[in-house]
Amino acid sequence: MAQIYDSIIIGAGPCGMRIALELKKKNASFLLLDPGTPGGKVNVAPRVDNYPGFTKIPGPDLAFALFERLNQAEIEITPEEVLELKKENDHFAIKTDRDTYYSKTAVIASGTKDRKLGLENEDKLFGHGLTYCALCDGHFFKDQDVIVIGGGNAALKEAIHMLHVSKKVYLIHRRNEFRGSNKLVDELKEAPNAEILTPYIPYRLIGEEKVEGIEIENRETGERRIIKLQGIIPAVGQIPNTQFVQIEGVLNEYKTVPVNRSMETSCPGLFAGGDVLPRDIRQIYLAEHDGIVISKSILTLLGKE
Ligand code: NAP
């Protein structure tokens, strides 16, 4: 008979890491599954503002600090990708790219992935001037011209990061009002090498082997304009990583995971936290908060609190 863990945590971002730390303290048996770099999206955040204790900190530095806590607690991450999450009798069955594991409780803390623009040649130009991560690839655009697309905090922060790398940074957004913070918009407006264009959408990506420019369209006037540049950085939101969930009623129409006050989903024993939840504000400290509530709920359920 295969081992039945007390819990299996899917995703080693701030939420999953926090749960692992709390479960370890109470000697619960668990697996922390994540095929990527520990820390999740924190790793690719150019800058994190207002994380308790820091005014500003680069994402990778914070991710490393969070990961260090796991090291100190001697917690290992199992580097496997989850393909299926099912309920079999009283247990959860979690199939990965290498094995199948069983547990009494489970947690979806798998975060989100970047939404694409959906334009022709987007996949072909990815890695050839088009990137979804300014922090990872921004240095390729040193002293060149780039465009960031989107009006949320991610787009604003990616654009601000590129101000110090590129010669000129365009930011286009499809509405005149920004979803992201006014403070960041002002920071960008004041920069001599930034140009904000609204209400514009990307219409065509230009270049076959590599990015050579972009054609944008004004949503009010229909005017189209070609800008020659070397870098395109779409930052148009996130899609939840929940495609592996095969338990009916757990996901909502947006493929995010609704939970109750104990962070439990509609399926008893299955919890969710962090960016996979349906909420407007997605922050690192909120994911950690979710992790604390989830670990308490799990330990109570297991009779280990
Ligand atoms: P977001 O807030 O959902 O913003 C996505 C932006 O992309 C919106 O402005 C949206 O326009 C635009 N957009 C969506 N589809 C588009 C398309 N097909 N073409 C052109 N534009 C499109 O996503 P996010 O910026 O990735 O942020 C996600 C969450 O993380 C947010 O809650 C955000 O506050 C948070 N975050 C926080 C920080 C921080 O340091 N505090 C940093 C990054 C992100 P509309 O506005 O018209 O919908």
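The values are calculated or read from the model by the stated rules, or taken from the named source; none is laboratory data. As the structure is a prediction and not an experimental result, all values here were calculated from the model. A quick note on method: Cβ atoms are made from the backbone with ideal geometry, for glycine too, and the neighbour counts reach across all protein chains shown. The accessibility values were calculated without ligands, DNA or RNA, using every heavy atom of the protein model including side chains. Shrake-Rupley method; radii C 1.70, N 1.55, O 1.52, S 1.80 Å.
Ranked highest first by average number of other Cβ atoms within 10 Å, how do 31-40, 271-280, 150-159, 211-220 line up?
150-159, 271-280, 31-40, 211-220
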- Sorted list, accessible surface of protein heavy atoms, 1.4 Å probe, largest first, for Ser7, Ser181 is Ser181, Ser7
- Task: Would you work out if the stretch 1-152 is rounded, prolate or oblate? Take a ≥ b ≥ c from the square roots of the eigenvalues of the alpha-carbon gyration tensor; rounded if a/c is under 1.5, else prolate when a/b is larger than b/c, oblate otherwise.
- Result: oblate
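Taking a ≥ b ≥ c as the square roots of the eigenvalues of the Cα gyration tensor of the stretch 116-234, is the shape rounded (a/c under 1.5), prolate (a/b larger than b/c) or oblate? Write out the running numbers ahead of the final one.
Details: a/c = 1.63, a/b = 1.12, b/c = 1.45.
Oblate is the answer for the stretch 116-234, as a/c is 1.5 or above yet b/c matches or exceeds a/b.
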- Message: I need the shape label for the stretch 40-116. Rule: rounded when a/c is under 1.5, else prolate if a/b > b/c, else oblate, with a, b, c from the alpha carbon gyration tensor.
- Response: prolate
- Task: Kindly point out, ordered by number, any Cys in the chain whose beta-carbon has no other cysteine beta-carbon under 4.7 Å away.
- Result: Cys15, Cys267
- Message: Please report Rg (one decimal) and Dmax (integer) in Å for the Cα set of the chain.
- Response: 21.0, 67
- Non-local amide H neighbours of Glu195 (under 5 Å, H modeled in plane, Pro and chain starts lacking H): which ones? Val169, Tyr170, Leu171
- Task: Please report how far the C-alpha centroid of the stretch 94-108 lies from that of the stretch 281-297, rounded to the nearest whole angstrom.
- Result: 21
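Holding the Cα-Cα limit at 28 Å, pick out from Lys189/Lys255; Lys86/Lys296; Lys116/Lys167; Lys25/Lys104; Lys26/Lys157; Lys24/Lys56 the pairs that are longer than that. Walk me through the numbers before you get to the answer.
Values: Lys189/Lys255 35 Å; Lys86/Lys296 23 Å; Lys116/Lys167 25 Å; Lys25/Lys104 18 Å; Lys26/Lys157 39 Å; Lys24/Lys56 30 Å.
Exceeds cut-off: Lys189/Lys255; Lys26/Lys157; Lys24/Lys56.
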- State the Cα centre-to-centre distance between the stretch 66-88 and the stretch 1-29 in whole Å. 7
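I'd like to check one number: the per residue accessible area of the chain, probe 1.4 Å, reported in Å² as a whole number. Each step should come with its number before you reach the end.
Values: 15310 Å² over 305 residues.
With the other protein chains kept in place, the chain gives 50 Å² per residue.
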- Message: Using a 1.4 Å probe on the protein heavy atoms, what percent of the accessible area of the chain belongs to carbon and sulfur?
- Response: 48
- Phi angles of the stretch 61-78, converted by Karplus (6.51 cos²θ - 1.76 cosθ + 1.60, θ = phi - 60°) into ³J(HN,Hα) in whole Hz with x for Gly and Pro, give 5, 5, 4, 5, 4, 5, 5, 4, 5, 5, 4, 4, 8, 6, 9, 9, 9, 8
